[in-house]
Amino acid sequence: MHGLRITILAALAALATPAQANWLRADTDNFIIYSEGKEKSLRTFAENLQRFDATLRARFGLKQAPEPNRLTIYLVPRGVDAGRLVTGKSGSFIAGWYKPDPEGSFASSHREDVVIKGTPQSQQTLFHEYSHHFMKRYAAAAFPAWFIEGFAEYHSTADFTKEGRAEIGKPVYARAYGLLAMPKVPAEKILLQRPGEMRNSGQTDVYYGRSWLLTHMLYNDPARAGQLTKYIEAINHGEDGKKAAIDAFGDLAELDKDLNRYMNKPMTYRTSAEPVAVPGKIGIAPLSPAEDALLPLRLERISGQNDAERIAKVRDELKALSLVHGSDAGVWFELARAEWAIDDDKRDKAAARAAVDKALAIDPKHVRANVLLGRILTAEVEAKDDPRPEDWNAVRKPIALANRTNPDDPLPLYAYFKSFVDQGRWPPPIAIEGLHRAFQLAPENIGVRVSYAFALANDGRYDDALTLAKAVAFDPHDGGQGEHLLAQLEAMRGRGGARAGAAPAETTAGE
């Protein structure tokens with residue numbers, strides 16, 4: 001019956017491929033964007049997104065330069081489609097999301113042009129998510145939960161005039177109901193708690209709205225100029241959050257009153273003095289039939305990594321697709337990756353190895369397939385009673401090839417470092433240098449950040465290590481590992497820097 005199911009799926013895939021071959025790929029200096037929409041709308045979208053990135057870079061004093069490790073964005077037809085990708089279920093109110101994934105950060109949004117007031121909600125959703133990515137990748141400091149969300153909301157409404165001038169700080173009208181009709185969340189609670197600590201979804205909406213309002217006030221109220229910088233600097237120097245807030249903002253009850261008054265004032269926003277140019281060129285091309293059929297399955301896999309049922313279904317659909325597009329290395333890699341993503345006691349290791357071998361037979365320099373082969377070989381070596389050094393050298397061979405093929409992909413660099421951790425050896429200097437480069441390319445990757453924090457601590461650079469860890473601990477979506485990480489690093493400081501960190505780096509790699 002299972003074989004019959006695969007045969008039927010393959011037949012359906014073969015019939016569907018020509019009619020569904022409508023995904024387009026846009027390449028810009030900083031993004032790879034996939035969309036099923038029309039080329040004209042995709043080009044406009046890509047231009048606005050690239051212009052938004054240029055605006056943020058100018059605002060925060062960063063160089064306008066092509067990004068070697070670009071963010072991938074997937075645009076699905078509707079907000080409910082994006083929500084289903086996140087939750088695996090229909091009916092979600094989530095219209096987009098950003099994931100700093102170990103395989104590579106990506107964002108998903110939609111193409112619906114729903115306008116409450118101002119810019120379309122689809123654009124606001126993506127600008128919000130990209131602001132998270134921008135902060136994680138380019139800001140060296142750690143930020144509290146309320147400001148992480150307030151910063152993203154503040155910049156989500158960015159718009160551009162006909163001349164191309166950037167308008168930053170316009171009202172977030174989607175938060176109006178929560179701000180005006182729902183019970184207020186006091187400023188002190190906003191400053192000291194995370195959105196996940198709110199009692200219900202209504203209070204969470206108010207939290208987001210009040211975080212935006214507080215950010216807007218601190219950015220634009222002349223009477224509070226410099227306070228936000230003072231506050232951020234204090235918490236990054238280890239100051240208690242409440243004390244840092246009082247020292248910077250004054251009495252928190254008075255801050256709350258000011259915030260309520262500010263909400264009833266006319267909102268100002270900033271307009272750039274000059275038009276913001278779209279840097280670089282934008283190339284748009286259709287995907288090949290194999291890539292077109294593969295992309296929705298890849299998106300489903302990377303979106304549902306923690307859902308065993310979804311992954312198993314994707315794996316079966318990829319098996320069917322391999323019967324139709326068996327000459328495409330990407331199809332075989334995705335099949336191997338899906339099989340390997342299944343729980344260890346249920347995965348077919350031989351099938352995963354066979355699929356990755358087929359991918360590499362077609363394309364010997366397939367970067368991610370070589371990294372996956374290294375991971376599969378690691379499992380094989382670890383299963384041996386007495387692995388030899390040459391076994392570990394064999395593990396590193398495909399990883400090193402992946403790095404030579406694309407030196408700007410952080411995954412091979414991190415995999416090389418981690419191979420020594422898996423072996424139980426302290427990584428040599430070249431592996432530490434590779435980890436540092438991986439962190440430069442993808443500081444938002446939690447596994448890379450945590451490993452690099454321990455590497456810094458082992459080198460006696462405790463303050464730098466703790467700064468990296470605080471960014472994890474303050475994240476509103478952190479599951480508590482950040483506080484544990486801070487405690488481990490402080491314990492290392494107390495012991496005087498015993499060479500620890502290999503095990504913690506391994507356990508938090510997010511694999």
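The values are calculated or read from the model by the stated rules, or taken from the named source; none is laboratory data. Because the structure is predicted, anything quoted here is derived from the model rather than measured. Note: ideal-geometry Cβ built from the backbone for every residue, glycine included; neighbour counts use all protein chains shown. Remember, those area values only see protein heavy atoms, side chains included, never the ligands or the DNA or RNA. Shrake-Rupley method; radii C 1.70, N 1.55, O 1.52, S 1.80 Å.
Applying a threshold of 9 Å to beta carbon distances and a minimum spacing of six or more residues, or different chains, the list of pairs starting in region 182-211 at a residue that is in contact (Cβ under 8 Å) with a residue 12 or more places away in the chain and closer than 17 Å to Phe151 by Cβ and ending at one that is buried (at least 23 other Cβ atoms within 10 Å of the Cβ) and of a type in the set (S, T, N, Q) reads Ile190/Ser211; Pro195/Ser211. Does Thr268 qualify as being of a type in the set (Ser, Thr, Tyr), part of a loop (DSSP other than H, G, I, E, B) and either open to solvent by 40 Å² or more (accessible area, probe 1.4 Å) or touching a Pro at 6+ places or on another chain (Cβ under 9 Å) (or both)? Yes: the conditions hold for Thr268. Can you pull out the residues in region 173-187 that are open to solvent by less than 70 Å² (accessible area, probe 1.4 Å) and assigned to a helix (DSSP H, G or I)? Correct list: Ala174, Arg175, Ala176, Gly178, Leu179, Ala181, Ala187. Specify the residue that is nearest to Ile190 (Cα to Cα); the eligible residues are those in region 215-250 that are among the aliphatic types (A, V, I, L, M) and open to solvent by 70 Å² or more (accessible area, probe 1.4 Å). Checked region 215-250; the qualifying residue nearest to Ile190 (Cα to Cα) is Ile246.
Matching residues to (1) part of a loop (DSSP other than H, G, I, E, B); (2) surrounded by fewer than 23 Cβ atoms within 10 Å (Cβ to Cβ):
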residue	(1), (2)
Arg396	no, yes
Arg404	no, yes
Pro407	yes, yes
Tyr416	no, no
Arg425	yes, yes
Glu433	no, yes
Gln440	no, yes
Val450	no, no
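Just one of the numbered conditions (1) open to solvent by 60 Å² or more (accessible area, probe 1.4 Å); (2) in a loop (DSSP other than H, G, I, E, B); (3) free of Cβ contacts under 8 Å to residues at least 40 places away in the same chain is not true of Arg84: (2). Taken together, the residues in region 367-386 that are under 15 Å from Lys349 (Cα atoms), out of contact with any Asp or Glu (no Cβ under 9 Å at 6 or more places or on another chain) and surrounded by 14 or more Cβ atoms within 10 Å (Cβ to Cβ) amount to 3. Is there a residue being free of Cβ contacts under 8 Å to residues at least 24 places away in the same chain and either touching a helix residue (DSSP H, G or I) at 6+ places or on another chain (Cβ under 8 Å) or surrounded by fewer than 15 Cβ atoms within 10 Å (Cβ to Cβ) (or both) anywhere in region 41-55? For region 41-55, residues free of Cβ contacts under 8 Å to residues at least 24 places away in the same chain and either touching a helix residue (DSSP H, G or I) at 6+ places or on another chain (Cβ under 8 Å) or surrounded by fewer than 15 Cβ atoms within 10 Å (Cβ to Cβ) (or both): present. It is to be established whether one or more residues within region 340-348 are open to solvent by less than 50 Å² (accessible area, probe 1.4 Å), under 26 Å from the mean Cα position of the chain (by Cα) and aliphatic (A, V, I, L, M). Yes; the residues of region 340-348 include at least one that is open to solvent by less than 50 Å² (accessible area, probe 1.4 Å), under 26 Å from the mean Cα position of the chain (by Cα) and aliphatic (A, V, I, L, M).
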